[in-house]
1. Just checking, does region 88-96 include any residue being surrounded by 13 or more Cβ atoms within 10 Å (Cβ to Cβ), of a type outside the set (Ser, Thr, Tyr) and under 22 Å from VAL130 (Cα atoms)?
2. I'd like to verify a number: residues in region 71-87 that are of a type in the set (A, V, I, L, M) and surrounded by 13 or more Cβ atoms within 10 Å (Cβ to Cβ), how many?
3. In contact with a Phe, Trp or Tyr (Cβ under 8 Å, 6 or more places away or on another chain), charged (D, E, K, R) and either surrounded by 12 or more Cβ atoms within 10 Å (Cβ to Cβ) or assigned to a helix (DSSP H, G or I) (or both), is that true of GLU117?
4. Can you spot a residue in region 54-61 that is of a type outside the set (Val, Ile, Thr), within 29 Å of GLN136 (Cα to Cα), at pLDDT below 90 and in contact with a strand residue (DSSP E or B) (Cβ under 9 Å, 6 or more places away or on another chain)?
Amino acid sequence: MINKKNLWFLTLFSLILVLSVYYITMPNELLLTNGNNYTAEVTSKEDKSKKEEASVKVKEASALDTLRVEANEEMLKEMEELKVILANAKATTEEKNNAFEKMKLLNITRGEEESLETKIKEEYKYETFVKIDGDQVQVVVNTEKLDASTANKIMRMVQSNYDKKMYITVKHQK
């Protein structure tokens, strides 16, 4: 029979195991980034005495990367709040059901955003960021100039994925 102490031990041990495997398999590029919207690239070169030393070149991240990071942080914060509700023993069944449904909706929305980004990239060859909030869809295209006809085509393509009327905005940003 498993008591509470053993259950907590197994749960925490499993969590630590999963996180350690994730950390080990994570690409090195992700470990070298910091929170200042900069991406680090590590290169190694030999000096005169044949010793290797690592040098770090820092380049500025794109605006789309910044938007993605902000959106992911916002989604993770909301997911954590919903997980707290689910884990709360004093929460009613209705509150837990609502929290679970919101979590499902967040995951579905994130999947739709990624699929729209992929479709736009495949069809129009633009790097994009898509944010869906209820019936509003915001599309940011990474380009110097975006003509009205292309923006209109992107809006029609996005609307074709939905049965109900969506309010779609398309902006360009470099």
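1. Within region 88-96, the subset surrounded by 13 or more Cβ atoms within 10 Å (Cβ to Cβ) is 91, 95-96.
Next cut, of a type outside the set (Ser, Thr, Tyr) only: 91, 95-96.
After this cut, where a residue has to be under 22 Å from VAL130 (Cα atoms) as well, the list is none.
No, region 88-96 contains no residue that is surrounded by 13 or more Cβ atoms within 10 Å (Cβ to Cβ), of a type outside the set (Ser, Thr, Tyr) and under 22 Å from VAL130 (Cα atoms).
2. Count: 6.
3. Working: in contact with a Phe, Trp or Tyr (Cβ under 8 Å, 6 or more places away or on another chain): yes; charged (D, E, K, R): yes; either surrounded by 12 or more Cβ atoms within 10 Å (Cβ to Cβ) or assigned to a helix (DSSP H, G or I) (or both): yes.
Yes; evaluated as a whole, the condition is true for this residue.
4. Scanning region 54-61 turns up at least one residue that is of a type outside the set (Val, Ile, Thr), within 29 Å of GLN136 (Cα to Cα), at pLDDT below 90 and in contact with a strand residue (DSSP E or B) (Cβ under 9 Å, 6 or more places away or on another chain).
The values are calculated or read from the model by the stated rules, or taken from the named source; none is laboratory data. Nothing here was measured: the structure is a model prediction, and the numbers come from that model. Counting neighbours? That spans all protein chains shown, and the Cβs are built from the backbone with ideal geometry, glycine included.
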